[in-house]
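Every number in this text was worked out from the coordinates using simple rules, so none of it is lab data. In this text the structure is predicted, and so the values were computed from the model without any measurement. Positions of Cβ are backbone-derived with ideal geometry, glycine not excepted, and every protein chain shown enters the neighbour counts.
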Amino acid sequence: MSDAIIESAAAFYTLPGQDECGDRQAVVSKGHSAVAAVIDGIGHGAEAAEAAERAVAMVRGGLDGGDLIEMLKRCHTSLTGSRGAVMNLASFDQKQGTLTWLGIGNVEGRLLLRNKDKDSGYVRQHLLLRPGVVGQRLPSLQVAVNRVQPGDLVIFATDGVAPDFADHIKIDSPVSEIANGIISRYCKKTDDALALVIRYLG
């Protein structure tokens, strides 16, 4: 996907024996803002996918409905009675040049800030994850805000991906190549897995 603010790509792995992946992603852009989410429905199969799709629907329909905390609370309400899910949300503000993000559960988040002075070409930051399950129990919610520049990357990966997935990223590679590479090299193959890569274009 490409637009004026961000470009993104996702890759996923479905656990053998299941008809569908319980890990989903959503990316929505409007005007000077964009929101991205990765949702991991608890467990596997159709019930996990159904829970994740409820959250996807709320993200896609909620860009004008307030901040990320309010969006997460709406997801929580929508997932009540389902298996629940863990998820990350990220919001980009082109006017402010900021990334606002938060995570509930064990969907990993990495922010790669371009830095030509580093051998790797970037400085890596981790999203603080708070324990909980959307649709069942939420912790105290607090967002983190970071400045971003064109070319910076945000990567979300579900727990079916090994946590060292961002160790050897080539930050200037196409987002689809990065996402596919993460799944091909770091997928545990013992669970559903999804990686979403977002490049801020500014």
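Hand me the list of strands (runs of 3 or more DSSP E) wholly inside the stretch 106-202 holding 3 or more residues that are over 15 Å from Gln25 (Cβ atoms).
108-114, 122-126, 144-147
Among the residues of the stretch 18-29, are any crowded, with 21+ Cβ neighbours inside 10 Å, aliphatic (A, V, I, L, M) and out of contact with any Cys (no Cβ under 8 Å at 6 or more places or on another chain)?
Yes, some residue in the stretch 18-29 is crowded, with 21+ Cβ neighbours inside 10 Å, aliphatic (A, V, I, L, M) and out of contact with any Cys (no Cβ under 8 Å at 6 or more places or on another chain).
Of the residues Ser173, Ser184, which is over 17 Å from the mean Cα position of the chain (by Cα), polar (S, T, N, Q), surrounded by fewer than 22 Cβ atoms within 10 Å (Cβ to Cβ) and under 28 Å from Gly97 (Cα atoms)?
Ser173
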